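Asker: Let me give you the structure first, and then I'll get to my questions.
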Amino acid sequence: MLDIKAIRQNPDAVFLALKKRGMAFDLGRFQSLDARRKNAVIRAQALRAERKAASKRIGELIAEGKSLDEAKDEVDSVLSRLGSDLEAATVEADTAQSELHALLLETPNLPDDRVPDGASEDDNVEVLTWGEPQSTEFTARDHVDLGQALAQMDMDTASRIAGSRFSLLSDQLALLHRALTQFMLDQHTERHGYREVYVPYIVNETSLTGTGQLPKFAEDLFRLEGEQGYYLAPTAEVPVTNIARDRIFDADELGSSGLRFVAHTPCFRSEAGSYGRDTRGLIRQHQFEKVELVQLVRPEQSDAALEALTGHAEAILRALQLPYRKVMLCGGDLGFSSAITYDLEVWLPGQSAYREISSCSNFRDYQARRLQARWRNPKTGKPELLHTLNGSGLAVGRTLVAVMENGQQADGSILLPEAIRHYMRGAESIAAY
């Protein structure tokens with residue numbers, strides 16, 4: 001969440017920064033709640049001081065000629081009134097604080113100054129392109145047509161088993177899905193120094209609030225019936241980033257470049273806001289898998305860490321010889337918790353378009369403040385908030401789609417990238433049995 005001190009010190013700057021996202025931050029409500037809280041706290045402090053002074057009045061009243069019982073009765077009457085007033089002031093302070101906290105939980109992160117203006121994905125700015133989309137002498141088919149022709153992708157059976165937006169892969173396509181996952185994990189652990197972790201697929205409300213999915217995006221989540229506060233994880237970002245919740249890391253634990261984690265998990269999303277979009281195939285599913293990259297770094301390292309993390313995701317695309325482009329998201333397309341995001345979009349011949357395959361984001365201290373994820377600065381000896389980053393390295397299903405569509409041949413077979421043939425038991429291509 002945002003630093004409340006920063007809002008107090010420069011409210012106009014916060015209002016203008018959020019306006020870049022297309023959000024009209026209710027500054028008046030914030031200031032009203034903050035003033036209510038402050039006034040109630042001051043009133044409670046004054047009442048506590050008055051109560052302390054009143055409790056000492058018994059001796060003074062006796063010295064003034066009153067009996068002990070008379071002195072006690074008078075003091076008890078005052079203490080009772082003060083206690084009632086103090087309770088009311090405390091409730092008022094707590095209520096204002098709770099409302100203020102709720103407002104901040106609903107408020108997104110401030111965009112980085114480099115984030116371009118814009119209202120939607122149409123306004124994102126291309127940073128680079130890599131690889132040339134290949135031209136073919138035949139009409140390119142999309143992955144669904146290719147998979148069904150191979151008799152290794154069955155969307156109808158998946159729909160009968162679970163419903164729409166699920167898939168069933170078999171034989172070499174199922175192996176390809178597993179091979180891509182293992183290839184990504186090996187690349188990130190062996191080449192880029194990530195520590196592989198296996199994490200829960202079910203997360204609680206506190207974890208989702210810490211990374212920013214709750215309370216804003218409850219409708220996008222699958223909540224478990226009959227369980228109090230448990231959800232299917234929408235992304236490994238949630239359990240992996242929560243490794244740092246309520247912890248203070250020593251500088252030695254962070255090392256020279258922070259902590260790097262990689263995890264392969266299924267992800268579950270209701271896709272509540274995407275009805276009618278990408279209903280065909282594997283692009284937008286209720287259940288899919290990702291290899292997720294998470295970094296926890298010192299604040300001064302986070303800009304460089306974003307470039308490095310994005311580069312690690314790009315390295316997978318390059319190794320697989322998949323043409324892609326890198327774009328910086330504009331203010332209107334920026335994720336709720338992110339300060340700055342690069343999207344990697346892979347070329348899909350079946351759609352004749354670039355489609356997102358990874359989002360790499362720097363959240364600065366926004367998530368860390370919710371999580372109380374900190375490190376102890378040896379220069380000051382005091383705990384300070386970490387910066388958190390994450391990105392897909394990559395989304396496995398969409399990578400499979402890209403390999404299929406970019407490797408398709410005129411006869412419907414799929415030529416496999418050399419980098420993963422070892423993981424495919426030496427196969428150079430996938431063809432119908």
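The values are calculated or read from the model by the stated rules, or taken from the named source; none is laboratory data. Not measured: the values here are computed from a predicted model. Positions of Cβ are generated from backbone atoms using ideal geometry, with glycine treated the same way; all protein chains shown enter the neighbour counts. Just so you know, the surface numbers come from the protein's heavy atoms only, side chains and all, with ligands and any DNA or RNA stripped out. Shrake-Rupley method; radii C 1.70, N 1.55, O 1.52, S 1.80 Å.
Asker: So which of SER164, SER159 is within 30 Å of the chain's Cα centre (by Cα), among the hydroxyl-bearing types (Ser, Thr, Tyr) and outside any helix (DSSP H, G or I)? Full working, then the answer.
Answerer: Details: SER159 fails: outside any helix (DSSP H, G or I).
Going through SER164, SER159 in turn, just one is within 30 Å of the chain's Cα centre (by Cα), among the hydroxyl-bearing types (Ser, Thr, Tyr) and outside any helix (DSSP H, G or I): SER164.
Asker: Quick one: in the range 37-70, which of the residues that are open to solvent by 80 Å² or more (accessible area, probe 1.4 Å) and within 43 Å of the chain's Cα centre (by Cα) is modelled with the lowest pLDDT?
Answerer: Ranking the candidates gives ARG48 first.
Asker: Could you grab the pairs with beta carbons closer than 9 Å, sequence gap of 6+ or different chains, first residue in the range 168-196 and charged (D, E, K, R), second one assigned to a loop (DSSP other than H, G, I, E, B) and modelled with pLDDT of 95 or more?
Answerer: ASP171/LEU150; ASP171/ALA151; ASP171/GLN152
Conditions tested, residue by residue: (1) aromatic (Phe, Trp, Tyr); (2) in a loop (DSSP other than H, G, I, E, B).
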residue: THR129; (1), (2): no, no
residue: SER135; (1), (2): no, yes
residue: PHE138; (1), (2): yes, yes
residue: LEU173; (1), (2): no, no
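Asker: Which of the residues spanning the range 164-176 are at pLDDT 95 or above and surrounded by fewer than 19 Cβ atoms within 10 Å (Cβ to Cβ)?
Answerer: Those that are at pLDDT 95 or above and surrounded by fewer than 19 Cβ atoms within 10 Å (Cβ to Cβ): PHE166, LEU168, SER170, ASP171, ALA174, LEU175.
Asker: Which of (1) outside any strand (DSSP E or B); (2) in contact with a His (Cβ under 8 Å, 6 or more places away or on another chain) is the odd one out, the single condition PHE363 does not satisfy?
Answerer: Evaluating PHE363 over (1) outside any strand (DSSP E or B); (2) in contact with a His (Cβ under 8 Å, 6 or more places away or on another chain) leaves (1) as the failure.
Asker: In addition: Here are the criteria: (1) more than 23 Å from TYR342 (Cα to Cα); (2) at pLDDT 95 or above; (3) among the basic types (Lys, Arg). Tell me which single one ARG298 does not satisfy.
Answerer: ARG298 satisfies every listed condition except (1).
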